[in-house]
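Everything below concerns the one structure shown next.
The values are calculated or read from the model by the stated rules, or taken from the named source; none is laboratory data. None of these values were measured; they are calculated from a predicted model. Note: ideal-geometry Cβ built from the backbone for every residue, glycine included; neighbour counts use all protein chains shown. Accessible surface is based on the protein model in full, side chains and every heavy atom, while ligands, DNA and RNA are left aside. Shrake-Rupley method; radii C 1.70, N 1.55, O 1.52, S 1.80 Å.
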Amino acid sequence: MTSTRERQRAAARARLEREMAERASRARKRRQTQAIVGAAAVLVLVVAGTVWLATSLGGDDKKQTNANTAGYSQCVYTEIGKDARPKQIKDVGLPPNQQDNKGIQTMTMDTNLGAITAKIDRSEVPCTAGSFTHLASKGFFDNTKCHRLVTQGIKVLQCGDPSATGSGWRDTDGTGGPSYNMAEENLPTDERPPYPEGVIAMANSGAPSSTGSQFFIVYGDSQLDPNYTVLGTITGGMDVVKQVAAAGDDGAFAQQAGGGHPKKEIVINKLTMSDIQGG
């Protein structure tokens, strides 16, 4: 006959096993959610060591963005070593470290399906806005395709890979970016949902300070973890994004990050950044 002590031990083991199983399930779900956006920007994984070193030397996001003098923020753009750069990296130099942290900008994406516009507040994302302004001035985004669409779980259209050009798709689409990374800004930690419809945000690898050039447009409220810089809000052209979403994806990324290439091709013919007068 089983003793009371043995029954207590068995019950304790059962509780421990349940707790371990629940912890493993929660961890697995977190990894899956983070991978949804991060895995499509795998280029930054190559320079993880460089990123962590830059973070330890440069301080945290708040220290970087709050080091302001007369309306400017001191930003850290960490260059990717030439030996660590994949072919999909497009080197157009580094933005200036000192960036304006006041005023409003308009991002305009002239696409083959119509214009998409967004409002960007420099006071919230001075370093990311400065990066976009630099890249746009170099034609970095011109003639590139939005390479990824996710319609299940989250609803995002991802763009910003300079190597996603030409006809058809390649296995390397989604791995391109600039020759530097930067820290995340304006994380929606207090927002519910963190990424509502109409937000434009930055993709990263899931590691700190791994933001590059890839971005995603949220066309339906998405419960992503608040780990991705909110760049701004869409002010026009959401019908274009939803038109692409309605056509679906090919499932190319379904086994890794989710989604696939858009079945309806959307090409950014030209991306420009302009200041709003009096903003």
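Annotations
- Per DSSP, loop trypsin sites (Lys or Arg not before Pro) in segment 86-125 with at most 11 further Cβ within 10 Å: Lys87
- Amide N of segment 170-189 lying under 16 Å from the label point, which is placed 7 angstrom from the Cα of Lys87 along Cα→Cβ: 170-177
- Neighbour-limited loop hits for trypsin sites (Lys or Arg not before Pro), segment 188-278 (at most 11 other Cβ within 10 Å; DSSP other than H, G, I, E, B): none
- Among Ile276, Ile104, the sequence by solvent-accessible area, most first, with a 1.4 Å probe is Ile276, Ile104.
- Extension gain, Gln223-Thr272: 0.36 nm per intervening residue step, less the Cα-Cα distance, totals 14.7 nm.
- Glu79 accessible area, 1.4 Å probe, all protein chains in place, Å² to nearest 10: 90 Å²
- Model label sites at Thr117 and Lys102, defined 7 Å from Cα along the beta-carbon direction, differ in position by 2.5 nm.
- Placing unit charges on the Cβ atoms of the charged side chains and taking the dipole of segment 179-279 about its Cα centre, the candidate lying farthest along the positive direction among Pro188, Asn269, Gln255 is Asn269.
- Each label was represented as a point 7 Å from its Cα along the Cα-to-Cβ direction; for Asp110 and Lys264 these points are 2.2 nm apart.
- Taking each of Lys82/Lys155; Lys138/Lys263; Lys82/Lys242; Lys82/Lys270; Lys87/Lys263; Lys82/Lys119 in turn, the alpha-carbon distance tops 32 angstrom for Lys82/Lys155; Lys82/Lys242; Lys82/Lys119.
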